[in-house]
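Coordinate-derived values only; no laboratory data. Just so it is clear, the structure is predicted and the values come from calculations on it, not from any experiment. Every residue, glycine as well, gets a Cβ built from its backbone with ideal geometry; the counts of neighbours run over all protein chains shown.
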Amino acid sequence: MDRKTTRHVVLALIVLSAAIYLLQVLIFHDERTTVFYLLQDLAFMPVTIAIATLVVGELVDEREKKERLEKTKMLTSSFFTGIGAFLIREILRMTDADGFVHEVVKNGAEQSGTVGEIQRQLENVKLNVHIDAAGYTKIQQIIRSNQTNILVIASNPLIIEHECFSEMLWGVFHLMDEFRLRGSWDDLSEQDIGHFNQDFEKVLRLLLMNWVGNVRYLKETYPAFYAAASTKIE
């Protein structure tokens, strides 16, 4: 309903209400009682509007929140099926990781514990990355070839509400800048390699923390898609 039509409807309802009150006066000839009940109705109107506004507002906010969350989860799933799963698999290949990490990756959504509990463990688990020429080159190529997709996902305002995912994207952007600055594997010094080991460790940790939430979401919402997507980092 457009604004003009809405105004016409409101005006018609006001006219109808006035006509009914006028008809009541004409039939019963009791202006005092009519005015009394009119004022009584008006007295309750602010309370009615306040309650309706609060209830409807809460319902609308809750619905919008769920819609934003759903759209954000769809964006994160798009990232992991496109580039995230590859990054986890390739960096993990060059990592001395705690057995818990491999257990999480192997079990996916079947891993015991809530998403929050698993993420807290991953946040503190020991990871030692030792990059090699093959892994460095592969990751450099996949990030460079997906720059546009990463930028599109990062530019979506919904991502801002997802702090952990945003932090992970910043880590990937940092790698992107480092690749541009440092060049190929043959151009790296020992100090550069040590710096990349730290950067890759940070990105891997954040990738895993976000991936756990993503696989749980896929299993609960799209089980068939989860069955196919979960094999990408094995």
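Helix-derived [θ] at 222 nm for the chain: sum -39500 (n - 2.57) over DSSP H runs of at least 4, divide by residue count, nearest 500?
Working: 10 runs with 184 residues, N = 234.
Computed mean residue ellipticity for the chain: -26500 deg cm²/dmol.
Which of the helices in the chain meet the span-like rule: DSSP H, Cα axial reach of 24 Å or more, Kyte-Doolittle mean at least 0.0? Kindly include the intermediate steps, with their values, before the conclusion.
Working: long enough: 3-28 (38 Å, 1.47); 31-79 (70 Å, 0.09); 163-182 (28 Å, 0.10); 190-221 (45 Å, -0.47).
Helices passing the filter in the chain: 3-28, 31-79, 163-182.
Relative contact order of the chain: what whole-number percent is it, with Cα pairs under 8 angstrom and at least 6 residues apart?
Working: 146 pairs, mean separation 64.8, N = 234.
Computed over the chain, the figure is 28 percent.
Would you compute, for the Cα atoms of the stretch 3-59, the largest minus smallest coordinate along each principal axis and list the three values in descending order, in whole Å?
44, 28, 11
Here is the link list: 106/219; 138/219; 73/202. Which ones come out longer than 25 Å on Cα distance? Working shown, then result.
Values: 106/219 15 Å; 138/219 29 Å; 73/202 22 Å.
Checking Cα-Cα distances, 138/219 exceed 25 Å.
Quick one: if the Förster radius is 25 Å, what FRET efficiency do residue 137 and residue 170 give, using the C-beta to C-beta distance and rounding to 0.05?
Values: r = 23 Å, r/R0 = 0.92.
The value I calculate is 0.65.
Give me the distance between the Cα centres of the stretch 111-132 and the stretch 205-223, rounded to whole Å.
So the separation of the two Cα centres works out to 13 Å.
Only one of the listed values, [x] 99, 39, 31; [y] 53, 37, 31; [z] 55, 47, 25, was derived from the coordinates as Cα extents along the principal axes in Å; which label is it?
Identified label for the calculated read-out: [x].
Filter the trypsin sites (Lys or Arg not before Pro) in the stretch 78-179 to those in DSSP coil with at most 12 other Cβ atoms within 10 Å of their Cβ, and list the result. Spell out each step's value before the answer.
Details: sites: 89, 93, 106, 120, 126, 138, 144; in loops: 126.
Sparse-neighbourhood loop trypsin sites (Lys or Arg not before Pro): 126.
Once the dipole of the chain is set up with Lys and Arg at +1 and Asp and Glu at -1 on Cβ about the Cα centre, which of 49, 82, 188 lies farthest towards its positive end?
49
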